[in-house]
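Engineer: What follows is a single structure, and I will ask about it in a moment.
The values are calculated or read from the model by the stated rules, or taken from the named source; none is laboratory data. If you're wondering where the values come from, they're calculated on a predicted model, not measured in any experiment. So basically every Cβ, Gly included, is an ideal-geometry build from the backbone, and we count neighbours across all protein chains shown. Each accessible area value is taken on the protein alone, full model and side chains, heavy atoms only, with ligands, DNA and RNA left out. Shrake-Rupley method; radii C 1.70, N 1.55, O 1.52, S 1.80 Å.
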Amino acid sequence: ETFATEPAELFEESPVRLFDDPANDWRLLMQLYGLEDILWIGDKYDSGCGHERNFRRVADWLRESNAPGPLVCPNTFKTGVHSRSNANVMNFRFLVVESDTLAKNAIVGVFAWMRHFLRLRAAVDTAGKSIHGWFDYPTTPALHELKNILPNLGCDPALFKPSQPCRLPGARRGDKTQALLYLDLEGVGYE
């Protein structure tokens, strides 16, 4: 309750001004990565044999005209893999925090608390009932503490799995578009 914040306030604090069409937000999110980084983008079950196209370099994803899928894995993958598994994760880039039980202002409050010790890179309105906060991946001691604290605050523990997908901004979800509320690109990606 101490940190409860309205999503509109987070939007106003965004270092990158997000006034363009939300359908292009996925391209902005890609700027958190290097052009050679391998990302998985797709739908929940787009993994395994026959899903090699779901694992591509950022430079290749950027050739798409629209958001290439509703979900993205926040961590990068090894070259040549076709299975979205923890063993195939190359680099731990971002910890995504979200909750299906907390109200939007409460989860943004959790982000505000976390910003005291981790850098918030992005916040994605899922076009549903939640917001996903993308933080620089924490050090091991902090990660262990967060694994204990965040579920007790109502956050989803599944997102501690390195290969867990989360919502890609710019993709459609029903009649709405998943959209960025916040983006900080300082010192990361290909800018």
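Engineer: So which residues in segment 46-57 are surrounded by fewer than 20 Cβ atoms within 10 Å (Cβ to Cβ) and under 18 Å from the mean Cα position of the chain (by Cα)? Walk me through how you get there before you give the answer.
Structural biologist: Keep residues of segment 46-57 that are surrounded by fewer than 20 Cβ atoms within 10 Å (Cβ to Cβ), which gives 46, 48-53, 56-57.
Correct list: Asp46, Arg56, Arg57.
Engineer: At pLDDT 95 or above and either in contact with a Ser or Thr (Cβ under 9 Å, 6 or more places away or on another chain) or aromatic (Phe, Trp, Tyr) (or both): is that true of Ala123 in this structure? Explain how you work it out, then say what you get.
Structural biologist: Details: at pLDDT 95 or above: yes; either in contact with a Ser or Thr (Cβ under 9 Å, 6 or more places away or on another chain) or aromatic (Phe, Trp, Tyr) (or both): yes.
Yes: the conditions hold for Ala123.
Engineer: Checking the condition surrounded by fewer than 17 Cβ atoms within 10 Å (Cβ to Cβ) and out of contact with any Ser or Thr (no Cβ under 7 Å at 6 or more places or on another chain), which residue from Phe92, Phe135 passes?
Structural biologist: Working: Phe135 fails: surrounded by fewer than 17 Cβ atoms within 10 Å (Cβ to Cβ).
Result of the check over Phe92, Phe135: Phe92.
Engineer: Do we have any residue at all in segment 157-179 that's among the aliphatic types (A, V, I, L, M), open to solvent by 10 Å² or more (accessible area, probe 1.4 Å), at pLDDT 95 or above and under 14 Å from the mean Cα position of the chain (by Cα)? Don't jump to the end; show me each part of the working.
Structural biologist: At the first step, the residues of segment 157-179 found to be among the aliphatic types (A, V, I, L, M) are 158-159, 168, 171, 179.
Subsequent filtering for residues that are open to solvent by 10 Å² or more (accessible area, probe 1.4 Å) retains 158-159, 179.
Filter again for at pLDDT 95 or above, leaving 179.
Applying the additional criterion that residues be under 14 Å from the mean Cα position of the chain (by Cα) yields 179.
Yes.
Engineer: Another question about this same structure. State the number of residues belonging to segment 8-36 that are over 15 Å from the mean Cα position of the chain (by Cα) and over 27 Å from Asp175 (Cβ atoms).
Structural biologist: Result for segment 8-36: 5.
Engineer: Take the residues in segment 144-187 that are free of Cβ contacts under 8 Å to residues at least 12 places away in the same chain and among the hydrophobic types (A, V, I, L, M, F, W, C), then tell me which one is nearest to Phe92 (Cα to Cα). Explain how you work it out, then say what you get.
Structural biologist: Of the residues in segment 144-187, the ones free of Cβ contacts under 8 Å to residues at least 12 places away in the same chain are 144-145, 148-149, 151-152, 157-158, 175, 187.
With the extra rule that they be among the hydrophobic types (A, V, I, L, M, F, W, C), the set shrinks to 149, 158.
Numbers: Ile149: 20, Ala158: 15 Å.
Checked segment 144-187; the qualifying residue nearest to Phe92 (Cα to Cα) is Ala158.
Engineer: If you don't mind, there's one more thing I want to ask. Can you name the number of the only condition in (1) modelled with pLDDT under 95; (2) surrounded by 14 or more Cβ atoms within 10 Å (Cβ to Cβ); (3) part of a helix (DSSP H, G or I) that Leu146 fails?
Structural biologist: Evaluating Leu146 over (1) modelled with pLDDT under 95; (2) surrounded by 14 or more Cβ atoms within 10 Å (Cβ to Cβ); (3) part of a helix (DSSP H, G or I) leaves (1) as the failure.
Engineer: Please go through (1) within 15 Å of Val96 (Cα to Cα); (2) assigned to a helix (DSSP H, G or I) for Pro141 and return the number of the only condition it doesn't satisfy.
Structural biologist: Condition (1) is where Pro141 drops out.
Engineer: Those residues that are in contact with a Leu (Cβ under 9 Å, 6 or more places away or on another chain) and open to solvent by 10 Å² or more (accessible area, probe 1.4 Å), I need them from segment 95-120; list them, please.
Structural biologist: Passing the criteria: Glu98, Leu102, Ala106, Val110, Ala112, Trp113, Leu118.
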